[in-house]
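K.L.:
Let me begin by handing over the structure; questions about it come next.
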Amino acid sequence: MSKGSTGPTPGFLVWRLANKWRVAVDRALAPLGLTHAQYSLVASLYGMQRAGERPSQRRLADHTGLEALYVSKLARALESAGLIERTRDARDPRAVQLALTEQGEAVTGRAITVVQELLDQLLEPLGGLDAERTRAFTDDLTTLLDARLAPPVPHDESTKGTTP
């Protein structure tokens, strides 16, 4: 809670909503063998491939907002499941490029349908996926996600207990 309010803070509500949606997506995708995190990776890869791109793990990490190390871990698991292939980039041998397999494209297509139906349900209180309130909500979330945060202030003994 904030100092001037008796209700929940926006940060707490965003955290609760993110957890609610993650759990709902995890449950909806479980029959397809995907988690929400894996879905964010394959759905992004699906869209990028349709646009003619074969992204590196780094590019996909930047696109999804996930840590590069986590994307690497997810990619290895998805490769083991036969949903993506990882290959070395001929232009940069340190980089790994990702692509959906045929099976990966089929599973991702079904997953996108499942998640779209779930989003319609989750956004119904705002009027549904195509409602003006949903567009405004999306714009507000985008504004918050695009806002740059100040770099963290280093903490040492001389600043302990003080507020920047």
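The values are calculated or read from the model by the stated rules, or taken from the named source; none is laboratory data. Note that the coordinates shown come from a computational prediction; the quantities given were computed from them, not determined experimentally. Reconstructed Cβ throughout: ideal geometry from the backbone, glycine too, with neighbour counts over all protein chains shown. For accessibility, only protein heavy atoms count, side chains too; no ligands or nucleic acids. Shrake-Rupley method; radii C 1.70, N 1.55, O 1.52, S 1.80 Å.
K.L.:
Roll a 1.4 Å probe over the protein chains and send me the accessible area per residue for the chain in Å². Don't skip to the end; give the middle numbers.
P.N.:
On the way: 11410 Å² over 164 residues.
In whole numbers, the chain has 70 Å² accessible per residue.
K.L.:
Pick the calculated Rg and Dmax of the Cα atoms in Å for this structure from [x] 19.3, 57; [y] 26.1, 99; [z] 15.3, 41?
P.N.:
Derived directly from the coordinates: [x].
K.L.:
Treating only the Cβ atoms of Lys and Arg (+1) and Asp and Glu (-1) as charged, compute the dipole magnitude of the chain about its Cα centre; round to the nearest 20 debye. Don't skip to the answer; put the middle values down first.
P.N.:
Values: 20 positive and 20 negative charges, 80 e Å.
With Lys and Arg at +1 and Asp and Glu at -1, about 380 debye.
K.L.:
Which trypsin sites (Lys or Arg not before Pro) does the stretch 58-149 hold that lie in a coil by DSSP with at most 10 other beta carbons within 10 Å?
P.N.:
Arg91, Arg94, Arg148
K.L.:
A follow-up question, please. Working out 0.36 nm times the residue gap between Arg135 and Leu17, then minus their Cα-Cα distance, what length gain in nm do you get to one decimal?
P.N.:
40.8 nm
K.L.:
Continuing with this model, one more query. List the relative contact order of the stretch 18-88 as a percent without decimals, with contacts defined as Cα pairs under 8 Å and 6+ residues apart. Write down the numbers at each step before the final one.
P.N.:
Numbers: 37 pairs, mean separation 14.6, N = 71.
Relative contact order comes out at 21 percent.
K.L.:
Tell me, what HN-Hα J-couplings in whole Hz come from the Karplus equation 6.51 cos²θ - 1.76 cosθ + 1.60 at θ = phi - 60° for each residue of the stretch 97-111, using x for Gly and Pro?
P.N.:
8, 10, 8, 6, 7, 4, 4, x, 5, 5, 5, 5, x, 5, 5
K.L.:
Please compute the contact order of the chain in relative form: average sequence separation of alpha-carbon pairs under 8 Å and at least six residues apart, divided by the residue count, as a percent.
P.N.:
It rounds to 17 percent for the chain.
K.L.:
Then there is this: What FRET efficiency, computed as 1/(1 + (r/R0)^6) with R0 = 22 Å and r the Cβ-Cβ distance, is obtained for Glu53 and Leu32, rounded to the nearest 0.05?
P.N.:
0.40
K.L.:
Same structure again: Equivalent-ellipsoid semi-axes (√(5λ), Cα gyration tensor) for the stretch 18-57, whole Å, largest first? Could you put the intermediate results ahead of the total?
P.N.:
Details: eigenvalues 107, 21, 12 Å².
Three semi-axes, in Å: 23, 10, 8.
K.L.:
Rounded to the nearest 10 degrees, what's the angle between the helix 68-80 long axis and the longest principal axis of the chain, both from Cα atoms, 0 to 90?
P.N.:
40 degrees
K.L.:
Something else about it: Just want the answer: with Cβ charges of +1 for Lys and Arg and -1 for Asp and Glu, which residue in Pro8, Leu149, Gln121 is farthest toward the dipole's positive end in the chain?
P.N.:
Highest projection toward the positive end goes to Leu149.
K.L.:
Of the heavy-atom accessible surface of the stretch 18-127 (probe 1.4 angstrom), what whole percent is carbon and sulfur?
P.N.:
Using a 1.4 Å probe with all protein chains present, the stretch 18-127 comes out at 51 percent carbon and sulfur.
K.L.:
Right, here's the next one. Gain in length, Leu69 to Leu126, computed as 0.36 nm per residue apart minus the alpha-carbon separation, to one decimal in nm?
P.N.:
Separation in residues times 0.36 nm, less the Cα-Cα distance, equals 17.0 nm.
K.L.:
Once you mark the GluC sites (Glu not before Pro) that are in a DSSP loop and have at most 10 other Cβ atoms within 10 Å, what is the longest gap between them in the chain?
P.N.:
68-156
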